[in-house]
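Notes to accompany the following structure.
Every number in this text was worked out from the coordinates using simple rules, so none of it is lab data. None of the values given here were measured: they were computed from a predicted structure. Reconstructed Cβ throughout: ideal geometry from the backbone, glycine too, with neighbour counts over all protein chains shown.
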Amino acid sequence: MQPDVSTDFLIIGAGFAGCVIGERLAAAGWKCVVVDRREHVGGNAYDETDAAGVLVHRYGPHYFRTNSPRVVDYLSRFTEWHAVDYTIKSFTRGRYWSFPVNLNTFEEYLGRSSSPEEFAGWLGRLRVPVNDPQNSEEIILAQVGREFYELFFENYTLKQWRRHPRDLDASVCGRIPLRTNRDDRYLAENFQALPKHGFAAMFGRMLEASPGLELHLGVDFQEARKRWPCRHLIYTGALDEYFAYRYGPLPYRSLRFEAESFSAEQLVGRRAVAGKSGYWQPVMQVNFPDMEVPYTRIVEMKHATGQTVDATTIIREYPKDWQRGGEPYYPVPAPDARVAYRRYATLAETEPNVSFVGRLATYRYYNMDQVIGMALAEAEKLILRYGSQSSRNIV
């Protein structure tokens, strides 16, 4: 007997994972319903133009980058691109430093010019020998030694995660590159760009390309399950929430954002700091490792988006206690968190008609392109399982 369903696929969450899977399945001819508890698409990647006319990322900066031509080709169906070299600095000891650590950082530390050879030799003397780094403290000590670890990493990580680097997986700080040349780009991937007209516009085109897809905003998970019985559920939210916190809540890193806009007149006095007119700070992102500063970083997305508006907006990012109403932004990559997650993962394996996809649903600290790749793979698997209802070619 066929199940009594009103739709083929119910997709919980309208971020990257949900929208990509929804678009692919709808293109295969299936009836899909995508819901999100928020009043907009895009999840944490949502951007919008604020009252000052500045395109801002509401939930923190999303620096798209990838080494996957497949991911770029797929997204390029729905957006043009604005190439960006993401550049950040660290502000500590009363000054700006080049970051990630590179030859410029070393010269700033010395107060004189240097060479890649001298820098490499200095690192070789200061590195702490760790053959198999097991945590973020060990991996950074093994890369740059204690001086730069304490200057740039230790307190910043403690502020961000509310855990000491030694209590976090090596992958947390190990993501950050170290270079002995003058390459001061934050990221190393081959493709680094932002959607030309913003993430929200890209998501809008993605959903518009899918006539078999319905979008419902402001609808939570429990209400959606009642309203749209389905053949298969795709869940991209927090895994512990799906199981009603049966084993207690999983730990997350949460954030609070504080935006402030400035007119062209207000920015005149900042030119000496920013290095050019129309900006508040010298680069897109400035990290603040010092513990006495309550925020972890200030982001000025206008540096990256290429907008020509006279005003600008900065967003200060503060750590927030996720246990006291904080949004679960980042799963915590730590041994105790993995143990807690495995209990929920075992439960997830007993749900044959549910796909758990994305950062929160799989409790992994993924980049955007990794989530997109996961969503494309899951859509292909579901099309193989259920077939295609469309004569259109599914690439």
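Both numbers refer to the Cα atoms of the stretch 305-395; Rg and Dmax are 19.0, 55 Å. The relative contact order of the stretch 101-174 comes to 29 percent, based on Cα pairs under 8 Å that sit 6 or more residues apart.
Name the shape class, rounded, prolate or oblate, that the alpha-carbon gyration tensor gives for the stretch 159-205, where a ≥ b ≥ c are the square roots of its eigenvalues, rounded holds for a/c under 1.5, and otherwise prolate holds if a/b is larger than b/c and oblate otherwise. Kindly include the intermediate steps, with their values, before the conclusion.
Values: a/c = 3.42, a/b = 1.49, b/c = 2.30.
It is oblate, given that a/c is not under 1.5 and a/b is not larger than b/c.
Proximity of backbone amide H atoms, modeled 1.01 Å from N, is registered between THR312 and PHE262 at under 5 Å, excluding neighbours fewer than 5 places apart on the same chain.
Summing charges over neighbours of GLY198, with a neighbour being any other residue whose Cβ is under 10 Å away from its Cβ, gives -1 when K and R count +1 and D and E count -1.
For the chain, the longest principal axis of the alpha carbon atoms and the long axis of helix 368-386 meet at an angle near 20°. Counting Lys and Arg as +1 and Asp and Glu as -1 over every other residue whose Cβ lies under 10 Å from the Cβ of VAL33, the net charge comes to 0.
Please compute the contact order of the chain in relative form: average sequence separation of alpha-carbon pairs under 8 Å and at least six residues apart, divided by the residue count, as a percent.
Values: 782 pairs, mean separation 106.8, N = 395.
Across the chain, relative contact order equals 27 percent.
In the chain, the longest principal axis of the Cα atoms and the axis of helix 16-27 are about 40 degrees apart.
State the volume of the convex hull built on the alpha-carbon positions of the stretch 54-182, expressed per residue in Å³ and rounded to an integer. Display every interim value, and only then the final one.
Numbers: hull volume 21.6 nm³, N = 129.
Cα convex hull per residue, to the nearest whole number: 167 Å³.
Could you run the Debye sum over the Cα atoms of the stretch 77-142, one equal point scatterer each and no solvent, and tell me log10 of I(q)/I(0) at q = 0.15, 0.16, 0.18, 0.29 Å⁻¹, two decimals? Normalising to I(0) and taking log10 leaves -0.68, -0.74, -0.85, -1.20.
Using helices alone, I'd like the mean residue ellipticity at 222 nm for the chain: each DSSP H run of four-plus residues gives -39500 (n - 2.57), total over residue count, nearest 500. Can you show the working numbers first?
Numbers: 16 runs with 134 residues, N = 395.
About -9500 deg cm²/dmol.
Helix 199-208 and the longest principal axis of the C-alpha atoms of the chain enclose an angle of approximately 20°. Beyond 14 Å, what percent of the Cα pairs of the stretch 101-174 remain? Tail of P(r) above 14 Å: 60 percent of Cα pairs. Once backbone amide H atoms are built at 1.01 Å from N, ILE234 has LEU10, ILE11, ILE12, SER355 as its partners under 5 Å, excluding neighbours fewer than 5 places away on the same chain. Listed by chain and number, the lysines placed with their C-alpha closer than 18 angstrom to that of LYS302 are LYS89, LYS196, LYS276; residues fewer than eight positions away on the same chain are left out. Taking one quarter of the surface of the convex hull spanned by the alpha-carbon atoms of the chain gives a direction-averaged projected area of 21.1 nm².
Can you give me the Cα centroid spacing of the stretch 341-357 and the stretch 272-314 in angstrom? The distance from the Cα centre of the stretch 341-357 to that of the stretch 272-314 comes to 41 Å.
With Cα atoms as the point set, the radius of gyration and Dmax of the stretch 230-344 evaluate to 19.7, 60 Å.
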